[in-house]
Every structure is written in C-alpha cells, then in structure tokens.
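Quick notes on the structure that follows.
FYI, it's all coordinate maths here, none of it is from the lab. Everything numeric in this text was worked out from a predicted model, so none of it was measured. Ideal geometry is used to build each Cβ from the backbone, glycine not excepted, and the neighbour counts take in all protein chains shown.
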Amino acid sequence: MNLPDFPQQGGCQCGAVRYRLKASPLSVYNCHCKDCQRFSGAGWSMSMIVRDEDFEATGATVQYRRTADSGNVITMNFCAHCHGWLWNDPPAPGIKVARAGTLDDIDWAVPVGNIWTDSKAAWAAIDPSLVNFPKGAVDRTPLYDAWTRLHQD
Ligand SMILES: [Zn+2]
Ligand SMILES: [Zn+2]
C-alpha cells in the first residue's frame, strides 16, 4: 500500500475551512463509539491521528467540549459556517484526531483497526486480521505499528 506525496489537503463541505497534512498520519482506524455514531450519523467514524506540527488549518472554526465516558474532555472542532466535523483535540499531547473522511482524497487512508467494537452496530463486520479493541485504545502504539507495517515495502 503506497502513501501519496505530502502535503495532502482536506476540509469541510462548504470550503471555508481547509487544512494541509504535511506528512503521513500516524494511523487511520475506525471508531465505533456511540458518540462517533451520533456525530457522523453513520455506523462509525474514521479517525486519522496526525502530529500537531504536521497539521495546518485555515478558516474559522467553532468548538464543542465533549465529556467522554472516560471522563476526558475532548475539544471537537467544526467549521464555523457549515459545522462540518473536522478534528478533535484529545487529552494526549502533540496529536490531533482528524476525520479521515474530510480528506480531498481518501483512497490512501485505509483503516488499520477498529476501536469501541463493543458498541458497534450488530451488522458491522470487523476484519479479525486488523488491530481491534473492544473499548478505547488507551495506548495507540499497536495502531501506529499496524499503519507503519502496512506502508513498508
Ligand atoms: Zn464549512
Ligand atoms: Zn468514537
């Protein structure tokens, strides 16, 4: 699986917020938590972990501070105009969790795992060969390692 040339770009539906991803993300995976189902209006959302220094966004955003089941407060960032969900600031320092579906080109953003499979839809099929967690991934290292393995020749 080949990575594209960076930077890659993405943004919200109306185009007011645009971002540049200057290097490969650390991982891409699916989150099946109930909050992601509600926010995405779908069975899961695609999380793309990016380093702060690799991610540059322009345009006005609005924030919503969501208290997760874990008690962690997660800042969610949306376009101020169309309110498209773009990225989260998790408690972990140095990273953002961007929504992979907002990339202009999502062909290369292949999910390497699934988290919160305990709350997945009954019809959602989980590939057992991926890196899967019944709840959240307290340590994301296995998801980072799986992304690295997928992209080494
Ligand atoms: Zn917008
Ligand atoms: Zn989630």
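Across region 3-15, computed HN-Hα scalar couplings (Karplus, 6.51 cos²θ - 1.76 cosθ + 1.60, θ = phi - 60°) run 7, x, 6, 9, x, 10, 10, x, x, 7, 5, 7, x Hz from first to last residue, x flagging Gly and Pro. You can think of it this way: the chain between Val110 and Ile126 has 4.4 nm of extra reach, that is 0.36 nm per residue less the Cα-Cα gap.
Amide H to amide H distances under 5 Å link Gly113 with Asn30, Val131, where only residues 5 or more positions off or on other chains count and H is placed in the peptide plane. Here the Karplus curve 6.51 cos²θ - 1.76 cosθ + 1.60, taken at θ = phi - 60°, turns the phi angles of region 42-49 into couplings of 9, x, 7, 10, 9, 9, 10, 7 Hz, with x standing for Gly and Pro. Quick note on region 77-153: its Rg to Rh ratio, both from C-alpha atoms and Rh being the Kirkwood radius, is 0.98.
Computed from the Kirkwood radius of its Cα pairs, the Stokes-Einstein diffusion coefficient for region 8-142 at 25 °C and 0.890 mPa s stands at 162 µm²/s. Label-to-label distance, Met1 versus Val138, with points set 7 angstrom from Cα along the beta-carbon direction: 2.7 nm.
Between Ala42 and Thr67, the modelled label-to-label distance comes to 3.0 nm, taking each label 7 Å out from Cα in the direction of the beta carbon. Near the amide H of Thr61, within less than 5 Å, lie the amide hydrogens of Ala80, all on another chain or at least 5 residues away, with H placed in the peptide plane. By the rule of a C-alpha distance below 16 Å, with chain neighbours fewer than 8 residues away ignored, the lysines paired with Lys120 are Lys34, Lys135.
Relative to the Cα centre, the charge distribution of the chain, modelled as +1 at Lys and Arg Cβ and -1 at Asp and Glu Cβ, gives a dipole magnitude of about 480 debye.
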